[in-house]
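The block underneath contains the structure these notes are about, expressed in structure tokens.
Here, each number is a calculation from the coordinates, and none is a lab measurement. Bear in mind the structure is a predicted one, so any value in this text is a computation, not a measurement. Using ideal geometry, Cβ is built from the backbone for each residue, glycine included, and neighbour counts are taken over all protein chains shown.
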Amino acid sequence: MTDNETDPSDLQQSNRQTAINNLRDTHAVIERLMNKTYQQQDVTASSALRQIRTKVTALLSDMENIDLDTFSGREGTLEEFYDNEGRFIESSTGLLKTAEDALESGESVDTYSIESSVDTLEKSFNNRIILTKKHLQEYEKKRTESQSRKEPGSSAPDAEPKTESSAWLNDTTKNYASVIPKMYNYINILEQKYTHCQPEVSNNGDYLGNKTWKVDLLDYGIRGTVKDGAFKIPLVFETYWYPLNSVLEAAQFVQSQANEVGKSQYKSLCLINDVWDDKIKEWVKDFVHQRMSLFLYELENDTLTYKDKSEITERFEFWHSNTIFKAPIEEEIKILIEKMEYFTVNDVMGMFGFNTKGAEAYLYDLMKKGEIIDVGLDSPKYTKVKHREQ
């Protein structure tokens, strides 16, 4: 099987791990090269190798951080994806070989060639094509057409049902005349809500109201992303059409999505269907993952299915429901401020689901706005600022 016949997701994951392994090996070789330059008393080469080692360490950290994938890369076609993945893995292998050749050579270490190879790898890493659902749909279409050519008159195997979000458009066995308006109406509701509301509490209780909230429309879906600075993405909400036909198929797809969530990230995923199989809904009610919540939205009944009695799913349910409005914490905390002359961090934690750090960050924002003041002596205790009447 050639690269162009390989599932893009599998190829990307495989190439990434290969490049990470090659970089780790390169780092070890550079350490040995530094020992070599010490023995040769080549101070200039030793200094250059230290700088190269720093660049390799930084690049390795970037490759290991899946959260950066949204920022490192560019848009492109499926063909460009395969071409750039090839260059990426080629530059990774080339760097390791250049370093190993320098170690085996009896001559002075050619640090220029090694540094150039590092720069080439970094460039190819940042020049990768960002994989999208459109690429996967195009790959699936080409794979199906290829199977049809190999077996004239036959269709794709029943064991691999089409589940890509565009497959339903070509399904002539179902009448989606009533489903399409419902789906777009639901997505439009989410877009309106995401435009006017922002998540303020993370899965672990951190305060998010001071972070950047970005909304993107997908093919038959929507994504809301909380960004902390230039690179960190602590929380993602995704809702899109993705019918699944069995518990096995659902478990495999959902697990693949969960595996893509970064270690310092959390995803709340909602899959849309006209009607969900009862067995799949029962499975979702028991779904547990440390970095992902799962919801099913059923258009016919206008209902959400998720794991109940879960603090996180109950907290995020609003972001996948058709409920339009949610009062911001600033509105709700006015009740607390008016009701209690004095209140503490623990009061705010209990009311809004913050952890200690999140509550303190939120109260600090309120103090900066001049809404409250800390009057505690030994420990923080807050009260409403008494504004002078004009």
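Please list the non-local residues whose amide H lies under 5 Å from the amide H of Gly76, H modeled 1.01 Å from N, same-chain partners needing a gap of 5 or more.
Ile130
Among the listed pairs Lys193/Lys214; Lys227/Lys307; Lys123/Lys214; Lys134/Lys285; Lys339/Lys384, which have their C-alpha atoms separated by more than 22 angstrom in this model?
Pairs exceeding 22 Å: Lys227/Lys307; Lys123/Lys214; Lys134/Lys285.
Using label points projected 7 Å from each Cα along Cα→Cβ, tell me how many nm separate Ser246 and Glu332, to one decimal.
4.2 nm
Just to check I understand the Karplus step: with θ = phi - 60° and J = 6.51 cos²θ - 1.76 cosθ + 1.60, what whole-Hz values come out for region 15-21, glycine and proline as x?
5, 4, 5, 4, 5, 4, 4
Quick check: residue separation of Asn188 and Lys368 times 0.36 nm, minus the Cα distance between them. What number comes out in nm?
61.3 nm
Where does each of 209-220, 12-23 land if you order them by average Cβ count within 10 Å, highest first?
12-23, 209-220
Please identify every one of the trypsin sites (Lys or Arg not before Pro) in region 244-311 that sits in a loop by DSSP and has no more than 10 other beta carbons within 10 Å of its own beta carbon.
Loop-located and lightly packed - Lys263, Lys309.
At a Förster radius of 22 Å, what calculated FRET efficiency corresponds to the Cβ-Cβ distance of Thr344 and Val385, to the nearest 0.05?
0.85
List the GluC sites (Glu not before Pro) in region 318-369 that DSSP assigns to loop (not H, G, I, E or B) and whose Cβ has at most 15 other Cβ atoms within 10 Å. Which are they?
Glu341
Using a Förster distance of 22 angstrom, determine the FRET efficiency expected from the C-beta separation of Ser14 and Phe253, and round it to 0.05.
Once rounded, the FRET efficiency stands at 0.70.
Thinking of region 1-56 as a set of Cα atoms, what percent of all their pairs are more than 17 Å apart?
That fraction is 52 percent.
Return the sequence-ordered ³J(HN,Hα) values of region 23-32 in whole Hz as given by the Karplus equation 6.51 cos²θ - 1.76 cosθ + 1.60 applied to θ = phi - 60°, using x for Gly and Pro.
5, 5, 5, 4, 4, 5, 5, 4, 4, 5
What value, in deg cm²/dmol to 500, does the helix sum -39500 (n - 2.57) over DSSP H runs of n ≥ 4 give at 222 nm once divided by the residues of the chain?
It comes out at -16500 deg cm²/dmol, rounded to the nearest 500.
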